[in-house]
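The values are calculated or read from the model by the stated rules, or taken from the named source; none is laboratory data. Bear in mind that the values here come from a model prediction, so they are computed numbers and not experimental data. Neighbour counts are summed over all protein chains in view; Cβ atoms, including those assigned to glycine, are modelled from backbone coordinates with ideal geometry.
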Amino acid sequence: MINSKAIQISAEIISNKKVGAYHHMVFSVGEMAASCRPGNFVAVSVGGASSSLVLRRAFAIYRASLRSDGIGLLELVIAPQGSGSKWLVAQDPGDQVDLIAPLGTAFGIPKEPINALLVGGGYGSAPLFSLAETLKSRGCRVDMVLGASTAGKIYAPLEGKRSVNSLTITTDDGSAGVAGRVSDVLSSLIRENNVDVIYSCGPMAMLEAITIISQEADVLHQCSVEESMACGIGVCMTCVLPVEGGDGVIRMTRSCIEGPVMDGNKVLWNKSREIPDGVWGK
Amino acid sequence: MINSKAIQISAEIISNKKVGAYHHMVFSVGEMAASCRPGNFVAVSVGGASSSLVLRRAFAIYRASLRSDGIGLLELVIAPQGSGSKWLVAQDPGDQVDLIAPLGTAFGIPKEPINALLVGGGYGSAPLFSLAETLKSRGCRVDMVLGASTAGKIYAPLEGKRSVNSLTITTDDGSAGVAGRVSDVLSSLIRENNVDVIYSCGPMAMLEAITIISQEADVLHQCSVEESMACGIGVCMTCVLPVEGGDGVIRMTRSCIEGPVMDGNKVLWNKSREIPDGVWGK
Amino acid sequence: MSINFSTSIAGAFFANPIFTASGCAGSGKELSHFFPLTSLGAVVTKSIMVKPRSGRATPRMAETPSGMLNSIGLQGPGIDLFLENDIPWLRDQGARIIISIAGESVDDYAVLARKLRNVPGISALEVNISCPNVENRGQVFACNPDAASAVIAAVRRNIGGELPIIAKLSPDVTDITVIAESVINAGADGLALINTLLGMVIDTTSMSPKLSQKTGGLSGPAIRPIAVRAIYQVRAAFPKIPIVGMGGVTNGRDAFELVLAGANAVSIGTATFGNPMAAVNIKNELEELCQARGFSSFADAVSFAHRGDA
Amino acid sequence: MSINFSTSIAGAFFANPIFTASGCAGSGKELSHFFPLTSLGAVVTKSIMVKPRSGRATPRMAETPSGMLNSIGLQGPGIDLFLENDIPWLRDQGARIIISIAGESVDDYAVLARKLRNVPGISALEVNISCPNVENRGQVFACNPDAASAVIAAVRRNIGGELPIIAKLSPDVTDITVIAESVINAGADGLALINTLLGMVIDTTSMSPKLSQKTGGLSGPAIRPIAVRAIYQVRAAFPKIPIVGMGGVTNGRDAFELVLAGANAVSIGTATFGNPMAAVNIKNELEELCQARGFSSFADAVSFAHRGDA
Ligand SMILES: Cc1cc2nc3c(=O)[nH]c(=O)nc-3n(C[C@H](O)[C@H](O)[C@H](O)COP(=O)(O)OP(=O)(O)OC[C@H]3O[C@@H](n4cnc5c(N)ncnc54)[C@H](O)[C@@H]3O)c2cc1C
Ligand SMILES: Cc1cc2nc3c(=O)[nH]c(=O)nc-3n(C[C@H](O)[C@H](O)[C@H](O)COP(=O)(O)OP(=O)(O)OC[C@H]3O[C@@H](n4cnc5c(N)ncnc54)[C@H](O)[C@@H]3O)c2cc1C
Ligand SMILES: Cc1cc2nc3c(=O)[nH]c(=O)nc-3n(C[C@H](O)[C@H](O)[C@H](O)COP(=O)(O)O)c2cc1C
Ligand SMILES: Cc1cc2nc3c(=O)[nH]c(=O)nc-3n(C[C@H](O)[C@H](O)[C@H](O)COP(=O)(O)O)c2cc1C
Ligand code: FES
Ligand code: FES
């Protein structure tokens, strides 16, 4: 079922700052901020009154906090890509935006202090910093790997860096950190830090690569997937991917409702534009 | 042919002020301002980058002036009606708008000093004030009648009033000036002021009523018509109305090219959603 | 002044004329998080098939100017699980239910009709015939008058009783009134107009069709002028047939447009993706608009744009 | 790196693949105020008929979400005045000319073809068959394979010589490949896809159809997914037939989409109303895009989305 805390509100933009390739945007959302968990996302209406854009856009919640004076802030990190995200980052403080949040599943937080490795690709780092803070507050060891094609696409704010034990950066072009992909550095980090759980967020190909490594290393892997979403609230069936359920049956599963955070080992990473054999109802 | 001075430019909004039911908007258009004549119009692109609005909107030029320092200003008076005009009046100073101007025909300015009666309905007063100034500068007597449904829809700025010999106001609801329609006061004004030419701009029904009165009184009638326009530059054929040409043939004539200012006596005011008999090619 | 805002479709009564569109509201569960389903005239469920169905591979959607393409491929649990889980839940909500069915053969539809004939609490059956007919080289039933009427006749024979049958037509035909006539003759009590138009988007980066299935159904405001035209044409040809209109309705004005053209009820599809409250908002706006235009009964507004027609 | 950006349609050569769309640029005069007509591949003139024609009463247009309806009704001076005034002027500009013709009977088309057979300086003939056939209860020629092929056969017989005939098809049919096949068999050298879709807008204030003629043709970005699908389908069925694509193209990306689907040239219609420079901008953007995707020749990009098809 849909996240039971989800509400639709008109939120005022409090700030909008360009940070590298991204925009960091803050919205005033009142008490709803208190019900957001790391991993949840928001669905934002884009384009304004006479827009040709009919669908909402999904963005991971970077941070959400309800202050003691009752002001609730929700923060997003947005990569301007197509017309919707470009419209959003062009809005000014004081403008209102219609958003629905919190949506989807959250990263599972262990009861015991464990060793966690957080892996983000591009803007996929967005939900990981609040996750890191939560894990730290539970006494976990938190190491982080962030990868991107190039230095400008690494989103790693200062205050974020402080909340992790170590931060490794990889870039495809070597312009920052290790030249290569996040998957290149994972195995050694898992070994060195005795990792129990990998938390990841980023492009699907990266999540697939991490799944393979996590299976070899026999560690848990919670990943936040990213499928094209038309509604974000579970009614359109566009955001599905094949996932093995608790009953062992593989179903085309809505990532906006049973995700975006999923058990990486249960996902059939299918990039072949086909329904894999064995899926229920094929 | 298309107005030979027409150019397409990206113009910065200099100011945007609400005045009664309208918005008075000023655009920086450079030297083009010098080629605008009373009666010409502009075609404005509306809705922004991801807009669902595909057509330009036409607005009469309220005033245009090229200052000695080279700054050219173009002023419009805009009634927020549907999505395009509402979008336009919601833009802020500093924003850029794509516009094409000057377009269409201008009011004919007599060489001799004559007695002119200017008649405007609603925002139809927009082009009449600069016309009044021009006529005054040629030594003409200029009387003006402005009508609207209600007081708030009379657009008659102070500086405008100064440029006319008399100003009569009519409102349907009697909330300002004479209760009734502009056509109710015309005959007596024509007589009293010895009017030679009527210049008019407003709803088509008003123009038709004025045509009848002008024919009875045997005065010339130049009117600015308002047909739905898709392109404003003569290529779509949506803006036509039946007009008798110099050769006596009635043709479906483009009001964006051979108008908006036309000889009222040559227009077949046809409100019956039919092509009148006698039109060429019927 | 209050207005009689109820409507009826072939004897089935609905408190108001705004429905969900099939496939755009699941079985109502998620939307019930945002509003009580009883506030709508009816919930039209996602087209259900005989067997469980995985649907198509992703990508299943592409946004288009003022619209979208989808190729969900009728993902669903199959009629048995649907009747076990979804229908009881909907009944518990007190919602009016219209069940949409889809098949790959005339026989599929017959099977579905038999499974539904004694199910209590259903107000009407919507028969989605915009499906490829596996027995006829995949030609869509709704694109052929004979195939379309064969489906409706089979449903009519097997459904028994009073349940109104609404045939949902595709606009992808040369003359929609021909298809309308054939399904009416075969026993349809009402029509749903329109299903999506066949469209395609090519991704200019990968330089291949964006959807895994290449083509998909175009919906949203972009197609509203087609929906209005189709409804108007069919209404002109069949003055009495109940019509459920749909296609690009996003606000009360749009719904009113379809009503004036001839719709006795209006289904809301794609607009819900942009705004979960869309259907409820549209209902309120439509009611206000009908009142503002001086109608004391919604029924008087239906087909009003035809007044004065020969 | 420069690219061979020329294209050819059934032997007619064009320096670049961007044309105006018929009815959206008059005879080029007004646009020539904004850019030299020689910068486009061709000017496709407004469909001309045998006699002068007043067109329809206003309102003739309504804006729709990401599109517009029009019912101009083929206003024009008739073929004689057209050949006297417009064509010499266009030739003087050095523009490549494609003449679009329209008729109300097969005979009209035959007459037009004869009038055009010896006119110099024309690159191709576009035959607009989306017109009501007065001899067949007003059914649109393009909606019936026999009527469509009768028109093309008549033009073929009467035009003589080498002038390529491009048949312009309507998307308002159940299967556009059937119409394509019939006109190809009747002698069409190329196809223009697509004409507008039949739509309607009802004014919710007057509560009547907004256009004087009730229905009108839907164009603009809203219909682009339909155009891409139609072009793709026809290209898949007829790998060699030259196709002039059109429908909702507003920028280079859109044009590229139609090219990948199978268009050998792309006509720009409604976009010109929003921006007189649209066609020229699109030409420049398309050339850049083809280069950016690594094509050294425009021809290689045509139908590229079909690579790997069975
Ligand atoms: C759960 C989730 C979390 C996300 N978090 C972030 C984030 O924190 N920061 C960020 O910048 N982006 C994030 N994205 C991606 C973001 O949704 C897309 O970049 C955005 O939708 C693109 O919209 P557009 O209008 O700019 O592009 P367009 O290409 O014009 O979009 C067209 C359509 O495709 C969909 N679409 C396009 N790209 C994507 C994509 N990558 N994922 C899903 N749908 C897509 C859009 O929603 C829209 O419906 C997230 C996506 C999901 C599903
Ligand atoms: C020559 C001319 C001069 C004009 N001068 C002014 C002026 O000075 N101030 C002012 O406020 N308005 C003026 N108008 C009217 C103005 O063009 C319309 O109010 C405006 O186009 C409405 O656009 P919209 O998006 O708000 O409405 P919508 O109803 O959303 O517009 C839909 C479509 O219909 C067309 N349309 C709608 N109403 C009109 C109309 N009344 N006239 C022409 N086209 C219309 C629009 O251009 C658009 O293409 C003028 C119109 C013309 C033709
Ligand atoms: C994602 C999606 C799924 C759909 N699934 C179905 C379906 O299962 N059965 C059906 O009859 N119509 C289906 N439709 C069509 C809609 O019910 C509706 O007829 C169409 O989308 C036009 O309405 P709209 O523009 O309001 O969306 C679907 C449409 C969409 C967008
Ligand atoms: C105002 C208008 C007039 C048109 N007139 C004609 C015409 O005379 N002949 C013709 O073949 N097509 C005509 N068309 C159709 C266009 O040529 C084109 O096929 C269609 O509009 C789709 O392209 P677009 O979306 O780029 O406009 C007209 C379209 C519009 C909008
Ligand atoms: S995005 Fe609509 S069901 Fe998930
Ligand atoms: S508005 Fe297009 S021809 Fe006049």
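A single member of A:Val142, A:Val97 is assigned by TED's automatic domain parsing to the domain that holds A:Glu31 and among the β-branched types (Val, Ile, Thr), and it is A:Val97. Residue-level check: of (1) under 15 Å from the mean Cα position of the chain (by Cα); (2) within 14 Å of chain B (Cβ to nearest Cβ), A:Gln91 misses just (1).
Of the residues making up the stretch C:185-213, those that are closer than 18 Å to C:Ala124 by Cα and surrounded by 20 or more Cβ atoms within 10 Å (Cβ to Cβ) number 9.
For the stretch B:238-245, does any single residue satisfy the condition of being part of a loop (DSSP other than H, G, I, E, B), over 25 Å from B:Ser45 (Cβ atoms) and more than 10 Å from chain D (Cβ to nearest Cβ)? First the steps, then the outcome.
Of the residues in the stretch B:238-245, the ones part of a loop (DSSP other than H, G, I, E, B) are B:238-239, B:245.
Next, only the ones that are over 25 Å from B:Ser45 (Cβ atoms) stay: B:245.
Still in the running and more than 10 Å from chain D (Cβ to nearest Cβ): B:245.
Yes, the stretch B:238-245 contains a residue that is part of a loop (DSSP other than H, G, I, E, B), over 25 Å from B:Ser45 (Cβ atoms) and more than 10 Å from chain D (Cβ to nearest Cβ).
When residues in the stretch D:191-204 are screened for being more than 7 Å from every other protein chain (Cβ to nearest Cβ) and under 19 Å from D:Cys131 (Cα atoms), 6 of them pass. Within the stretch B:2-17, the only residue that satisfies the criterion of being away from every other protein chain (no Cβ under 14 Å) and free of Cβ contacts under 8 Å to residues at least 60 places away in the same chain is B:Lys17.
May I ask you to list the residues in the stretch C:205-214 that are facing another protein chain (nearest Cβ under 7 Å) and modelled with pLDDT of 95 or more?
Within the stretch C:205-214, the subset facing another protein chain (nearest Cβ under 7 Å) is C:207-209, C:212.
Passing the criteria: C:Met207, C:Ser208, C:Pro209.
Scanning the stretch B:246-282 for residues that are touching a residue at least 60 places away in the same chain (Cβ under 8 Å) and either in a strand (DSSP E or B) or facing another protein chain (nearest Cβ under 9 Å) (or both) yields B:Ile257, B:Val261, B:Met262, B:Val267. Within the stretch A:219-239, if we keep just the residues that are modelled with pLDDT of 95 or more and more than 20 Å from C:Asn275 (Cα to Cα), the residue that is nearest to ligand 3 (Cβ to nearest atom) turns out to be A:Val225.
Residues of the stretch C:262-286 that are surrounded by fewer than 20 Cβ atoms within 10 Å (Cβ to Cβ) and away from chain A (no Cβ under 14 Å): C:Asn284, C:Glu285. In the set (1) out of contact with any helix residue (DSSP H, G or I) (no Cβ under 9 Å at 6 or more places or on another chain); (2) over 26 Å from C:Ala147 (Cβ atoms), the condition left unmet by D:Arg137 is number (2). Considering the stretch D:35-54, the residues that are of a type outside the set (A, V, I, L, M) and part of a helix (DSSP H, G or I) include one that is nearest to ligand 6 (Cβ to nearest atom), namely D:Ser39. Is there any pair with a first residue in the stretch D:222-251 that is farther than 15 Å from D:Ala192 by Cβ and a second that is more than 16 Å from ligand 3 (Cβ to nearest atom) and basic (Lys, Arg) whose Cβ atoms are under 8 Å apart and which are 6 or more apart or on different chains, and what are they? Hits for this filter: D:Tyr232/C:Lys214.
Any residue at all in the stretch C:223-230 that's surrounded by fewer than 21 Cβ atoms within 10 Å (Cβ to Cβ) and either touching a strand residue (DSSP E or B) at 6+ places or on another chain (Cβ under 7 Å) or among the aliphatic types (A, V, I, L, M) (or both)? Looking through the stretch C:223-230, none of the residues is surrounded by fewer than 21 Cβ atoms within 10 Å (Cβ to Cβ) and either touching a strand residue (DSSP E or B) at 6+ places or on another chain (Cβ under 7 Å) or among the aliphatic types (A, V, I, L, M) (or both). Looking at this structure, is B:Gly84 touching a residue at least 60 places away in the same chain (Cβ under 8 Å), within 19 Å of the chain's Cα centre (by Cα) and within 29 Å of D:Thr64 (Cα to Cα)? No. Criterion applied to D:Ser32, D:Ser27, D:Ser22 was being away from chain C (no Cβ under 14 Å) and either more than 19 Å from the chain's Cα centre (by Cα) or assigned to a strand (DSSP E or B) (or both), and the one residue passing it is D:Ser32.
Does C:Leu289 satisfy being free of Cβ contacts under 8 Å to residues at least 40 places away in the same chain, under 17 Å from the mean Cα position of the chain (by Cα) and more than 16 Å from ligand 4 (Cβ to nearest atom)? Taking the combined requirement at face value, the residue does not satisfy it. Of all positions in the stretch A:58-73, at least one carries a residue that is surrounded by fewer than 16 Cβ atoms within 10 Å (Cβ to Cβ) and charged (D, E, K, R).
Considering the stretch D:69-101, the residues that are touching a Phe, Trp or Tyr at 6+ places or on another chain (Cβ under 8 Å) and under 20 Å from D:Phe19 (Cα atoms) include one that is farthest from ligand 6 (Cβ to nearest atom), namely D:Arg96. All conditions but one from (1) more than 12 Å from chain C (Cβ to nearest Cβ); (2) within 30 Å of C:Phe295 (Cβ to Cβ); (3) of a type in the set (A, V, I, L, M) apply to D:Ala153; the one that does not is (2).
Of the residues making up the stretch C:72-81, one or more are away from ligand 2 (no atom under 16 Å from the Cβ), outside any helix (DSSP H, G or I), at the interface with another protein chain (Cβ under 8 Å from one of its Cβ atoms) and among the small types (Gly, Ala, Ser).
State all residues of the stretch A:217-231 that are at the interface with chain C (Cβ under 8 Å from one of its Cβ atoms) and surrounded by 18 or more Cβ atoms within 10 Å (Cβ to Cβ); if no residue qualifies, say none.
Step one: list which residues in the stretch A:217-231 are at the interface with chain C (Cβ under 8 Å from one of its Cβ atoms), which gives A:227-228, A:230-231.
Once the filter is applied, which keeps residues that are at the interface with chain C (Cβ under 8 Å from one of its Cβ atoms) and surrounded by 18 or more Cβ atoms within 10 Å (Cβ to Cβ), the stretch A:217-231 yields A:Glu227, A:Ala230, A:Cys231.
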